[in-house]
Amino acid sequence: MSEHPVQHPAAHHEPVDHADQHGEQVRTLWVIYFWLMGLLVLTVVTAHWLNLGWFNIVIALAIAVTKAAMVVWIFMHVKYSGKLVWVFATAAFVWLGIMLIFTIADYSSRDRIPRGDQANTIPSEVRSADEGVQAELHP
């Protein structure tokens, strides 16, 4: 038998200073927290004092998506996860983008779609009966 135990090459790791790693993680959390608070203030300022018409909703959604990405990336630890988690997190944001595009397209096209004339959609029998009742009530 050998006097020295067999060591695998993977067993040679540099010593990890967990206190330093923890301090860096806490610092990152505080930095992201202050960024989120700054974006919150920017959202309120944009909503109350900045009047850009329809572009306000675009700015608000961009800020909201940025805040959501920061929360997912740091607070939900996607940054430190494997590639499969990254794929699903990215897919969720792509799906969110698709849904927002459809929502904005629907909302922006509501004034351009004709609704039809109210008088043409009521059957003539109902319309004439209603006119007769109105004439009796208001001579």
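Bear in mind that the values in this text are calculations on the coordinates, not laboratory data. Just so we're clear, the structure is a prediction, and the values are computed from it rather than from any experiment. Here the Cβ is made from the backbone with ideal geometry for all residues, glycine too, and neighbour counts use every protein chain on show.
Quick notes
- Note on V65 and F93: their simple-model spin labels are 0.9 nm apart, each label 7 Å out from Cα toward Cβ.
- Mean Cα-pair separation over length for the stretch 24-113, i.e. relative contact order, pairs under 8 Å, 6 or more apart, %: 22 percent
- Neighbour-count order for S81, S109, fewest beta carbons within 10 angstrom listed first: S109, S81
- When each of I101, I32 is scored by the number of other beta-carbon atoms lying within 10 Å, the sequence from fewest to most is I101, I32.
- The fewest-to-most ranking of H48, H77 by surrounding Cβ atoms within 10 Å reads H48, H77.
- The length gained by stretching the chain between I104 and V85 to full extension, at 0.36 nm per residue less their Cα-Cα distance, is 4.0 nm.
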